[in-house]
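> Handing you this structure, nothing more for now.
None of the figures in this text is laboratory data; all of them are computed from the coordinates on show. Quick caveat: nothing in here was measured; it's all calculated off a predicted structure. Note that we place each Cβ from the backbone using ideal geometry, even for glycine, and neighbour counts take in every protein chain shown.
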């Protein structure tokens, strides 16, 4: 039996969040943090709510998903809220889950209307996947090597000293099953303060340091690698301003320094073993490959903001502009395309990244007549990439040239919206927005024009009923390049002329949202909402042709006499989309309108896929006061998702091309039961005991028959693939039971 | 390791508490809170006044103001003489919902802004913000008469209206909001900003980079849709697909990368792991006529990122960087 811990914090609400909140430690609600009578200590008023909890967790298997953002281990959890004040000064100290990997400490205080400060230290785990295995040595470092090839066996002693990194390490053969977890630990230290001693002038400042350490999966050529993560992000800001009722001005400076312990992960590339290069890595075991890790970078940003009120027509002018410069400097490492040849030649060994981001926003909000509110607004955004352009010449100067295409874009938009109050407590709102985007560096669409309109009607005539209906339309048109320079004789590039990426493709979209909440009988509240939208990607021959989504939500709460309360909800989300594709091989046309051709291995055929995902959840919660001192709470939640992918091919080639639909795409079923009894022993002491059942079932065809072992043959398999997986993300499913007992004392 | 962390935290806590205690000398001043007025109101509004005079932050702050004014119920609710006589809601400034208070949300907010617009920088763009324009008043989220904790809305407060977000947070992949590690307030300023969705940044990417700083580059090879808008591929609040993706890979990638070669190859059920079907004739992951597929790394496990792991940007020169391969 595997034991884990469980802890509790504050929380309330419908079962959807109550249940999960319980698992994250939110079991004691306002009991733990509610206001208590202050305790006098000299001139100080003091109130404190310490909480102590013991918990036991039984888990059927060790799953990172169960612990994704928390630290659940059997043991004791301690939390406390302490407040003290003396005259106009106040101090609050909050401690949550002390000593655990999701611990939080926050100290805040100040003097009313004069200054305030906040000091915060938090830790958060991000567990990605447990129980991974690899034959690489050096897990957790940026140098992965092996002395015992999973297929070839022990490697020979290195003779080439081009790179020496792999010459270190344990001598002789070692096993290839090195166990480790993919997990990140995130620490955040922050301090900030605000000073308004010289009102109407004020000043704010803050510093923060965020460290992220651990291992995450990284794959290259289907070789899954444990990539070390060692990031530090130091940020600081300083803001000064002036604020009166009708004039507010501020200037802010932000700084961010992101430090990555290493720009590269070095590893021995198994994919080239036995490849077309002739010899294998066994004769040159020190030859390494690299993958890039996030680069260290700096960001400096200046922001100016202003608001001017009391203008004609009850108007207010709002303005903000910011200018940010993001830079980095990376010493590039040329790749070795094959083990027998040298490194690629690059035009400049140093990449100097320089991206500048300028944004201007301006709006005028007005109330020209009592029942009418309007807003006129505009924005401009210029993202300029001045980074160095590096040309890679290939192995020799006459090789294939590749130059990075830096990406810049501009967006300009304007619009207006307003609402008008109608008779019978009704209201109509409407708006229009226009955006023009320029993307001169993209290889496909250069310019996009987008128009958005909406109309919303709402009514509150009846005391027991609120209702609203909103409709939205979007029209987007893009100008794509003609691709006249693409070789018509090469179908592998020719088909690109017909591809329309969904983020740019011309499309029409509609969206409808209806909401109501009503009280049919006293004590019973009902919320009901429905939303649907669909995008049709017109002009798209290859790519996404439509996507749509439907959402519905029903929630109800009934308050019985005597304090009994029952609430429940049902929600549903249904998404689907369709992609059209054309497979092209040599000798066939890339034009999807030219039909299908199947002849031997030379093929060109149209195919499509239709993906559907339906999620629905429901929950029920009940709270009952058993006696004046004992209460019982029960909640049950289930959230279910089923996805599928259906394929289609042109009828002409159905006999030759038989595609099998995928029936399980991220299918998940999450069940959560919570039972909790609370005993108010005294006006200050509260004790609780509870049980939680938490289960996640997960099925996905991409993880079916998962083999946690290297490729069984020396060469690539029949699909040209060499697979060396570590088991990342195959451990999503879990089932666990949590037992807890806790006590809260209000000092 | 944990022992070391605990020691560090304990030391830090003691130091900070001690420092703040020393920094809080306190100077007694005459209270500017008018209890005589409150005593009139308590006759009908017993709970409201009693709650207010406890741990309420307004009550505490007003007690120590150094001006000559008197503060009490009328500071927010307006003069009460008429209300004492006719008891009607129209004769007082009420912060109940519009149809009860007979006052618009803008009128209610204006009363709060009398003080707070000059005290809180978060409120700078209140009039431009989405909540103000959609009749969300201060009292929709803040409980004015309670203690400090009740004055501060939580994410649960947001879910009362944003039910779709609430549903998304319970999905397989989600930001740690229900776990209490991220709050709505971290990404959105409910009081209004100059950006869409009340974002606390100029746009989506600038917001995401605050935590996901490793994704900001600059990179030698960018992925243009990524550099322009994270939401092209991700959902912010929750998704049934891992990594908050809008669509499961390889379908997501094949929505755009549909050019010839393996991007345009259909990876159907036969390409899953452990397939023992006969090998196809061709190589490179391409389907072959009258044959079946075998396991393809383009489908199994993490799909496209089994190879193209640097999809947010790469600093590898040459073709491998260009296709976000290393």
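> Between residue A:510 and residue A:354, what FRET efficiency comes out of the Förster formula 1/(1 + (r/R0)^6) with R0 = 41 Å and r the beta carbon distance, rounded to 0.05?
Computed FRET efficiency for residue A:354 and residue A:510: 0.50.
> Of the listed peptides B:171-178, A:662-669, A:569-576, what is their order by residue-averaged count of other C-beta atoms within 10 Å, with the highest listed first?
Going by the mean number of other Cβ atoms within 10 Å, highest first, we get B:171-178, A:662-669, A:569-576.
> Further question on the same structure: Across every pair of different alpha-carbon atoms, what Kirkwood hydrodynamic radius in Å does segment A:638-680 reach?
14.3
> Taking the simple approach of a point 7 Å from Cα along Cα-to-Cβ for both residue B:116 and residue B:99, what is their distance in nm?
With each label placed 7 Å out from Cα toward Cβ, I get 2.5 nm.
> Turning to a different aspect of this structure: I'd like the distance separating the alpha-carbon centroids of segment B:134-211 and segment A:494-540, in whole Å.
Answer, in whole Å: 22.
> Would you mind ranking A:618, A:146 by Cβ crowding within 10 Å, fewest neighbours first?
Ascending number of Cβ neighbours within 10 Å: A:618, A:146.
> Now for a different question. Obtain the radius of gyration and the Kirkwood radius of segment B:80-140 from its C-alpha atoms and give Rg over Rh.
Ratio value, two decimals: 1.05.
> Going by C-beta contacts inside 10 Å, put B:272, A:684 in order with the fewest on the left.
With the sparsest Cβ surroundings first, the list reads A:684, B:272.
> Let me ask something additional. Using the Kirkwood formula on the Cα atoms of segment A:427-576, what hydrodynamic radius do you get, in angstrom to one decimal?
19.1 Å is the Kirkwood radius here.
> Give me a single rounded figure for A:565-574: the average over its residues of other chain Cβ atoms within 10 Å of their Cβ.
What the average comes to for A:565-574 is 2.
> Also, I was wondering about something else. Please compute the length gained on full extension between residue A:560 and residue A:572, using 0.36 nm multiplied by the number of residues separating them and subtracting their Cα-Cα distance.
Additional length available on full extension: 1.5 nm.
> Then there is this: Relative to the present Cα-Cα distance, how much length would full extension add between residue A:244 and residue A:463 at 0.36 nm per residue of separation?
Full-extension gain reported as 75.0 nm.
> Given axes a ≥ b ≥ c from the Cα gyration tensor, I'd like to know whether segment A:551-696 is rounded (a/c under 1.5), prolate (a/b larger than b/c) or oblate.
prolate
> Given the C-alpha atoms of segment B:139-257, compute the convex hull and give its volume per residue in Å³.
Per-residue hull volume (Cα only) is 125 Å³.
> Shifting gears a bit: For an R0 of 51 angstrom, estimate the FRET efficiency from the Cβ-Cβ distance between residue A:41 and residue A:522 and round to the nearest 0.05.
About 0.65, to the nearest 0.05.
> Fewest first, what order do A:504, A:659, A:469 take by the number of other Cβ atoms within 10 Å?
With the fewest neighbours first, A:504, A:659, A:469 line up as A:469, A:659, A:504.
> Subtract the Cα-Cα distance of residue A:697 and residue A:207 from 0.36 nm times their separation in residues, and report this length gain in nm to one decimal.
Length difference between fully extended and current span is 172.2 nm.
> I want to check the label-to-label distance for residue A:479 and residue B:143. Put each point 7 Å from Cα in the C-beta direction and report it in nm to one decimal.
About 5.8 nm separates the two model spin labels.
> Still on this structure, please answer the following. Could you state the number of Å between the C-alpha centres of segment A:617-658 and segment A:213-227?
Between the Cα centres of segment A:213-227 and segment A:617-658 lies a distance of 32 Å.
> Could you give me the percent of Cα pairs per 5 Å distance bin for segment A:364-445, shortest bin first, beginning at zero and ending with the bin that holds the maximum distance?
Pairs per bin, as whole percents: 3, 11, 13, 12, 10, 9, 8, 7, 6, 6, 4, 4, 3, 2, 1, 0.
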